[in-house]
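The values are calculated or read from the model by the stated rules, or taken from the named source; none is laboratory data. Because the structure is predicted, anything quoted here is derived from the model rather than measured. Here the Cβ positions follow ideal geometry from the backbone for every residue, glycine too, while neighbour counts run over all protein chains shown. Side chains are part of the model used for accessible areas, which takes the heavy atoms of the whole protein and leaves out ligands, DNA and RNA. Shrake-Rupley method; radii C 1.70, N 1.55, O 1.52, S 1.80 Å.
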Amino acid sequence: KPDFPHDPNLARAWKLIHDLNASSEDFALAEDIVKMVVAKEPTHAEATIVYAWHGVRTLSRSYDQTEARYIMTARYAERSMQLAPQNPWAAAALAGYLTLRNADWKRAEKLVRGAVAQKPREPRFHQMLVSILLKSDRTAALAVAEAAAARLPNEAIVHHALYQCYRNLDRTDDAERALSRAIELAPSAGLIIEKVQDCFVRGDIRAMRTWL
């Protein structure tokens, strides 16, 4: 049984928005589920956090990038911290919103570091910290990603974070291995598309065809 969220309906929505193969229809269903909980209990902390994460994931996957969605995500992310200031998922949701808005990177980093300290075995927090650090300190980002991959060797998310670091440092062979490992652990369409794109950039048409 997952430690978050506890409510079975929210858990269903949570699973949908974190599924790497989830469609926009899946996200719409997740939103309907969360809306029902929020409508019944506006101060429900878990529901508020899940709704904030729904917004972050919706924006990051480009299912809805309207200003209205940004405003709604900001409202629920900030409210999450008001309702559950010690909850690492609330902190990470707000950090996710801030990074998507390209605003207050220092606050976002502080929030995510706090989340990592509370739940060091949660791969999504490590991935978020890597993404933030890549904006300012690629060496520090790589150190975090390598440590996360060593601590959580069977989590595709951290291997993808490691891939992003290697790619930013032009370490092509290392990047290829990290992405292949991520695909091995979680063969999602998004990761495979990244693999195909990398093969195309390298001019490796034969390898590209094996992934199509």
Going toward the positive end of the dipole of segment 34-145, with +1 on Lys and Arg Cβ and -1 on Asp and Glu Cβ, which of L94, L129, Q82 do you reach last?
-> L129
If you line up the Cα atoms of segment 137-195 on their principal axes, what length do they span on each, largest first, in Å?
-> 29, 24, 16
Of H18, H54, H160, which is the most mobile in a GNM of the chain whose springs link Cα atoms less than 10 angstrom apart?
-> H18
Under 18 Å Cα to Cα from K15, which lysines show up? Leave out anything in the same chain fewer than 8 places away.
-> K1, K35
The answer for the chain, accessible area per residue at 1.4 Å probe in Å², is 52
Helix-only [θ]222 nm of the chain, DSSP H runs n ≥ 4, -39500 (n - 2.57) each, per residue, nearest 500 | -24000 deg cm²/dmol
Low-density loop positions, trypsin sites (Lys or Arg not before Pro), segment 93-155 - DSSP coil, at most 14 other Cβ in 10 Å | R101, R121, K135
Evaluate E = 1/(1 + (r/R0)^6) for W105 and A207, where r is the Cβ-Cβ distance and R0 equals 41 Å; express this FRET efficiency to the nearest 0.05.
-> 0.70
Find which of N154, V37, Y166 sits farthest along the positive direction of the dipole of the chain, computed with +1 on the beta-carbon of Lys and Arg, -1 on that of Asp and Glu, about the Cα centre.
-> Y166
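Tally up the carbon and sulfur contribution to the accessible surface of the chain as a whole percent, 1.4 Å probe, everything protein left in place.
Carbon and sulfur: 52 percent of the exposed surface of the chain.
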Hey, which lysines would be in cross-link range of K110, C-alpha to C-alpha under 16 Å, not counting anything within fewer than 8 residues on its own chain?
-> K119, K135
Show M36, M72, M128 ordered by accessible area, largest first, where the area counts protein heavy atoms only and the probe is 1.4 Å.
-> M36, M72, M128
